[in-house]
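All of the numbers you see were taken from the coordinates with simple rules; none came from a lab. The shown structure was predicted, so the numbers you read here are calculated from the model rather than taken from an experiment. Backbone-built Cβ (ideal geometry, glycine too); neighbour counts: all protein chains shown.
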Amino acid sequence: MIPEIGEFALIIALFLSAVLALVPMYGAATVNELWMSYAKPLAKGQFLFMLISFICLGYAFSQDDFSVIYVAQHSNSQMPIQFKLSAIWGGHEGSLLLWAFILSGWTLAVSLFSRSLPLDMLARVLSVMGIIATGFISFLLVTSSPFLRYLPSFPEDGADLNPLLQDFGLIVHPPMLYMGYVGFSVAFSFAIAALLSGRLDTAWARWSRSWTNIAWAFLGLGITLGSWWAYYELGWGGWWFWDPVENASLMPWLVGTALVHSLAATEKRGVFKSWTLLLAIFAFSLSLLGTFLVRSGVLTSVHAFASDPERGFFILMLLAITMGGSLTLYAFKAPNVKSESNFSWLSREVLLLVNNVFLTVMAVTVLLGTLYPLLIDALGAGKISVGPPYFNAVFVPIMGTMAVAMGISVAVRWRETSTKVVIDKLWLPAAISILCGLIFPFFYGSGFDFRVFIGISVSLWVISTVITEFIGKFRNAQSFSIKLKQLPFSYYGMMLAHIGVAVTAIGITLVSTYSEERDIRMAKGDSVELAGYQFIFQGTHVVKGPNYVADQATIEVLESGTFVVTLHPEKRRYNVKRNMMTEADIDAGLFRDLYVALGEPLNNGEAWAVRVHYKPYVRWLWLGGILMALGGLLTVADKRYRQSKAEPEDAYV
C-alpha cells in the first residue's frame, strides 16, 4: 500500500507541476494578479507531494519490501540501515526521484525567500521551474518509476547494493552534487524569466546571484566529496582520473564559476548582460547533459546507472527542448540587451571577462574530450580513448594562466585603475611568490622541479595578493575591529574562495610530483621501505561484517624505528552476490597520507599482493574544495543580497 501512495503522490506532484508551469505564466502574460498569485501555493503543494513520495520509497527500503522491484534490486536484509536508506539514490530510478525532489525543494525555497521580487517576475521564475519539474516527473512516471512491484510473486531477499556504494560517501556525495546540479535551474529560470518579461536590466542578476552562489557551492562540495570517495574507496589511491561522469559534473561547475563572476559584473556595473544570460542557460544545460550521460547507457563507469536507450532518448529530448527553446528565446531577445562599456583595459570588468573566457575554454576542452570519443563511436568510425594526457596538457596551462589573472583582479578597481597603482600593490607578492617557488623544491624535494616551481609560485601568488589587498583595507582605518566589521561578508567569501583555489592547486602540484607507491608481494614478517617509512606485514585474519566476510591484514608502520600507526586494510567478500571489494586503510594527516590496499592472495593465502602509497599534501585538494564552497556560502550571508538596491561600485565579487 505504501508504494502505491508514493506513486499516487508522484502523479499529483506531476499535475501540480503542470499547473505551475501554465497558470502563473499565463497570469504574468495577461497581467492577472490572481493567476500569478497561485505560483506560491502550487510550489508548496508540489514539494509536499514529492516529499510524501520520497518518504514512501525510504519506508519501503527500511522495511525490506522486496515486492518493490527497485528495492529488491538495490537492497538486502543484511545491509545496515544507513545503507538501506542511501540506496534510495543508489540506482537510476531512485537517484532520479532524488533529482526531482531536490528540484521541488529549490522551487519551494524560491517561493519562500523571494519576497522582494515583483509578482510577475516570481510567477515566471516558478513557472519555468514548473516546466522543468513536469519534464522530469514525467520521465519518472513513464520510464523510471521506483514503485513498480513484482506481482504476483517476489523474491524473499534482495539482490544487494553495489559494494562500492555501501559507504558513507554515497550517503553525502549524490545529494550534495544534485543540490548543485538542480540549483542551477534557479539561475536558468531567472534568465528565462528576464528574457520573457523584457526586464533585462541588472535587477535579474541581483535577484538570482545568491541562488547561483548557493548552487555553485553545493556542486563544488559534491565534486570534492566525490573525489574523496574515489580516493579511499576504489583502492588505487587516485583522486581524479578524468572519468567522463566526473567530467559531467566538472563542466557545469566551471561554467557556474564563470556565471558567479559574470553576475557580479552585470549587477554592479551593468556589463556582460547578454553573456551572463548565456552562461545561465549553459550552466543548467550542462547539468542536464551530465544527467543524460549518467542515465543514457552511453557510458560505462562506476558512476553510471542506466543502460536503457528509451531512458536516454527521453532525457536527450528534455535536453534538446531546454537548450533549443532557451537559445531560440535568447536569439530573439538578446539583440535588445544593452550593456555598459565605460571601462578601461585595466579594470575589474576586463579581468572578470578574462576569467570568464578561461573558464569557458576549460569547460569546452573537457566537453570535447568527453563527447568526441562518443561521437566517433556513434558514427561507426571506431573507438578512441581520450585520457589524462589530453586533459592535463590543455587544462593545466589554462588554469595556471587564469590563476595569474586572479591575483591581479583583486588589486584593480571597477572602471579604471592606473598601472602604477597595480605595480605598487603587486610587486612584493610577485617577488615573494617567485622566491618561494624557487626555494620550495630544494627544501621539500631532491632538487629543482619546474612543475613544482610553477605550481607553488602561482598558488602563493593568489594567496599573497589576497592577503595584501586585505591588509590594504586597514591602511587608513582608525580602528581595526570596526573596519573588520564593516567589510561585507561577500568580501570575506571572495577571499576564502580564492584561497581555496590556491590550496587545491598546492595539493595537486605536490601530490602529483612527490607521490610514491609500491606494488609488492608480502608474507608474514616481510617489510618494505617507502618515503622514509617502514611497512611491516604481520599477517591476516578473518573478520565478519554485517553483510560480508573479510580477510583483514595487520601492517605496522615505523619511521626511523619509531612506531607510527597500525593499518588494517581488508579484502571483503559480500554474502549475497559474492562480490569482492578492496577496502584500503589510510593514516591521514594534513601533510601526508600513508595508504595501504590489500590485493589478491598468493600461494594459497601464504602471501598477499599489497599496494603501499605515500601521498603528500593530498588532503589539501579537499581542504581547498571545502574553502571554496564555504566562500560561496559566506557571500550569501551578506545582508546586501536581501536588499532591493544595488551594491556600491567598490563592493567585491
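Annotations
- Förster radius 60 Å - calculated FRET efficiency between LYS338 and ASN603 (Cβ-Cβ, nearest 0.05): 0.20
- Using R0 = 51 Å, the C-beta based FRET efficiency linking TYR150 and LEU590 works out to 0.50.
- Inter-part distance where segment 38-73 and segment 404-425 are each reduced to a Cα centre, Å: 53
- Sorted peptide list for 67-76, 51-60, criterion being average Cβ within 10 angstrom, highest first: 67-76, 51-60
- A Cβ-based charge dipole, computed about the Cα centre of the chain with Lys and Arg at +1 and Asp and Glu at -1, lands at about 2320 debye.
- 5 Å-binned pair-distance histogram of segment 94-221 (Cα, whole percent): 2, 9, 17, 18, 16, 13, 9, 6, 5, 3, 2, 1, 0
- Projected over all directions and averaged, the alpha-carbon convex hull of segment 12-165 occupies 9.7 nm².
- Lysines whose Cα lies under 29 Å from that of LYS338, excluding same-chain neighbours fewer than 8 positions away: LYS268, LYS273, LYS639, LYS645
- Taking label points 7 Å from Cα along the Cα-to-Cβ direction, PHE241 and LEU51 give a separation of 4.1 nm.
- Taking the Cα atoms of segment 139-283, the ratio Rg/Rh between the radius of gyration and the Kirkwood radius comes to 1.12.
- Length gained on full extension, THR566 to LYS639, computed as 0.36 nm times the residue gap minus the Cα-Cα distance: 21.3 nm.
- Estimated from helical segments only, the mean residue ellipticity of the chain at 222 nm is -21500 deg cm²/dmol, where each DSSP H run of four or more residues counts as -39500 (n - 2.57).
- For a modelled paramagnetic label at ARG475, 7 Å from Cα along Cα-to-Cβ, the residues of segment 415-437 in reach, with backbone nitrogen under 15 Å, are 417-429.
- Each peptide among 35-46, 604-615 gets the average number of other Cβ atoms lying within 10 Å of its residues, and from highest to lowest they stand as 35-46, 604-615.
- Length gained on full extension, ILE384 to ASP526, computed as 0.36 nm times the residue gap minus the Cα-Cα distance: 46.9 nm.
- Since only VAL172, LEU141, ALA497 are under comparison, the one whose Cα sits farthest along the positive direction of the charge dipole of the chain, derived from C-beta charges on Lys, Arg, Asp and Glu, is ALA497.
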